[in-house]
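The values are calculated or read from the model by the stated rules, or taken from the named source; none is laboratory data. The model shown is predicted, which means the values in this text are computed figures rather than measured ones. Here Cβ is always computed from backbone atoms with ideal geometry, including for glycine, and neighbour counts include all displayed protein chains. SASA here: full protein model, heavy atoms, side chains in, ligands and nucleic acids out. Shrake-Rupley method; radii C 1.70, N 1.55, O 1.52, S 1.80 Å.
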Amino acid sequence: MKDVFKIGNKEFTNRLFTGTGKFASKKFIPLMLEASGSEMITVALRRVDFSAGDENILSYIPKNVVLLPNTSGARNSAEAVRIANIAREAGCGDFIKIEVINDSRYLMPDNMETLKATEILVKDGFTVLPYVMPDVSFIKRFEDAGAAAIMPLGSAIGSNRGIRTKEIISMLIELSRLPIIVDAGIGRPSQAAEAMEMGAAAVLVNTAISSAEDPVTAGKAFSLAVQAGRMAYLADMRGEITSGAVASSPLTGFLGERK
Amino acid sequence: MSFYDTIKEFKDFDYDAFFRRVSDDQVKSAIAKDRLNIKDFLTLLSPRAADFIEPMAQKARKLTKQYFGNVIGLYIPIYLSNYCTNECIYCGFNCKNKINRRKLSLEEIEIEAKAIKKTGMQHILFLTGEAPGYTTPEYMGEAAKILEKYFASVSMEVYPMDVDDYKFLRSKGVDGLTVYQETYNEDTYKKVHLSGRKANYLYRLDSPERGCMAGFRYVNIGPLYGLAEKRSEAFLAGLHADYLDRKYPDVELNISLPRINEAEGGYKPASIMTDEDYVQFITAYRLFMPRVGINLSTRETPEFRDHLLDICVTRFSAGSRTDVGGYAEEGSTAQFEISDARTVPEIVHMLEKKGLQPVFKDWEQPF
């Protein structure tokens, strides 16, 4: 059976989502997409220059790849909503990743404002993917608001520190009805594999790919790691196995004695 | 609470004594840390740390790649007016200087904007001298409205104002504010700003903070190197950025390191900032504040600018003119001599050769 998952009205078979930021040259974007097979790519609307003709970053993204515009730069829900509307009016589709950040030091998301924007944009017919601080108490609220998936951070954007929020993300995966897409902080393929083994629906990787010396090969490496992690998850692999035989049974030995 | 409290705290600080005690191990430890405290920062600004400039640059490059990627934001200045009522002894616009004074009319601003737009630049910085009678906030507001039609982002480098005037200009579409303190040393400040509104040290010191309060999204600060002792200036500018960054976390802080070129008004710098110092200071800023923006103007030579791009610069001006009306026609006297006269396509070509993506637009109107 094909391992497909759905967000909004789109189906995905590749569980690596990518980004357009930080590349040495925009020409790497289509090459990376081809090498990785990534089917969704996020782009900051603030970097899209519709007046730039062929140099418009969107012209580097093949038509078969789903565009996920993001609201990078928004400090509150009102700004995020306006950015989303500009993106849709400009023909970027109905998908939107909400990023509301008012902390320029660590770029931590503001869940409260993100939730407000989610509520508004879902009502306006957007397919909303909120970028959030992992927080169990918010999961139900995002579900109720109609989010299409939830994107908790593994660690700070661009930090390459891996999944430092692992315990909470495990809880989100367990508790949420929505796909959990681990976003931010994934710096190495092994960390992407780790997220997938945990049961994440997908991961989004930008910095680690775009700032690699060879972003095309890096994209492929992440894609393979995501596939491996996903397969391991589906194989329902056993956890740590104890050494098995124990010489005596101080706790359960009495069971035999009763016979 | 104002940054002035910090200025007072360090007023009698014995920098030389601190620097004499800095050991190689302290420098190495500061370079290795993830989060530097202000003592680490000052350690990296010490003469001793100059011996470690390569490892500092390596770390600075790594952090810049990590947080900003392989991209460089481009901006271009537009001088609206060179009328000035200040007597700053180092500046080409000094009110005592006999130069051609000119203020662009709104029609002329539009002509300039069209000429600049052709270069593809999208982030514009407008500048004026300090002559509130000529260049009123209302005039700047009209200017901003015109510029907003042509450019994705409009910021300004003008005389300090009250919060209400800043809010007014913010409402007219100005996103960013640049205010250079010139010197953090209060005594020196008084000696080089002889008359005019600018002679008020404290009012200028607090203006970046008033800008943050008014809601500007980019705030760009820095001393003008050459007026007072350079290491203490670099240190206090870093503390100023850190103070604003902590207090106004939603504002994107930027640091510039303008240094006096001797051609200006015949002023002889009191403290020479060498190229080595320049590199040491920007790398110290990057290590101290990994996400702070670092701007580089055309005051510096092409060769030097290109090298700095490899280390930790994030914003770069291109195709600049510093005379009033200079894009559409031959303008008036320039504020400072441009050292890098390359055109926008030449800069773009150079960036691409270095494996850096020039970013023209990094802003959206709702911000």
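Points worth noting:
- Inside region B:349-367, residues that are more than 9 Å from chain A (Cβ to nearest Cβ), buried (at least 20 other Cβ atoms within 10 Å of the Cβ) and not in a strand (DSSP E or B) make up a count of 1.
- Residue check for B:GLU276: surrounded by fewer than 19 Cβ atoms within 10 Å (Cβ to Cβ), touching a helix residue (DSSP H, G or I) at 6+ places or on another chain (Cβ under 7 Å) and outside any loop (DSSP other than H, G, I, E, B): yes
- Selection from region B:43-83 of residues that are away from chain A (no Cβ under 14 Å), free of Cβ contacts under 8 Å to residues at least 60 places away in the same chain and not in a loop (DSSP other than H, G, I, E, B): B:THR43, B:ARG48, B:ASP51, B:PHE52, B:GLU54, B:PRO55, B:GLN58
- Hey, B:GLY319 more than 14 Å from chain A (Cβ to nearest Cβ) and either aromatic (Phe, Trp, Tyr) or on the phi > 0 side of the Ramachandran plot (or both) or not: yes
- Any hit, region B:125-134, residues being away from chain A (no Cβ under 14 Å), under 19 Å from B:GLN181 (Cβ atoms) and assigned to a loop (DSSP other than H, G, I, E, B): yes
- Scope region A:97-111; condition away from every other protein chain (no Cβ under 14 Å) and farther than 24 Å from A:LEU67 by Cβ; matching residues: A:ASN111
- Exactly one residue out of A:ASP103, A:ASP94 is more than 15 Å from A:ARG46 (Cβ to Cβ) and either among the hydroxyl-bearing types (Ser, Thr, Tyr) or touching a residue at least 60 places away in the same chain (Cβ under 8 Å) (or both), and it is A:ASP94.
- Where helices (runs of 4 or more DSSP H) fall wholly inside region A:100-183, the ranges with 2 or more residues that are open to solvent by 60 Å² or more (accessible area, probe 1.4 Å) and modelled with pLDDT of 95 or more are A:111-123.
- Selection from region B:215-268 of residues that are assigned to a helix (DSSP H, G or I), over 21 Å from B:ALA49 (Cβ atoms), open to solvent by less than 20 Å² (accessible area, probe 1.4 Å) and within 14 Å of chain A (Cβ to nearest Cβ): B:LEU244, B:ASP245
- For the criterion of being surrounded by 16 or more Cβ atoms within 10 Å (Cβ to Cβ) and under 21 Å from B:ASN254 (Cβ atoms), B:TYR159 passes.
- Some residue of region A:74-86 being within 9 Å of another protein chain (Cβ to nearest Cβ), farther than 23 Å from A:LEU224 by Cα, open to solvent by less than 20 Å² (accessible area, probe 1.4 Å) and part of a loop (DSSP other than H, G, I, E, B): yes
- Hey, B:ASN97 surrounded by fewer than 18 Cβ atoms within 10 Å (Cβ to Cβ) and of a type outside the set (A, V, I, L, M) or not: yes
- Within region A:6-48, considering residues that are aromatic (Phe, Trp, Tyr) and open to solvent by less than 20 Å² (accessible area, probe 1.4 Å), the one nearest to the other protein chains (Cβ to nearest Cβ): A:PHE23
- For region A:49-64, the set of residues classified as touching a residue at least 12 places away in the same chain (Cβ under 8 Å), open to solvent by 20 Å² or more (accessible area, probe 1.4 Å) and more than 10 Å from chain B (Cβ to nearest Cβ) consists of A:LEU58, A:TYR60, A:PRO62, A:ASN64, listed by residue number.
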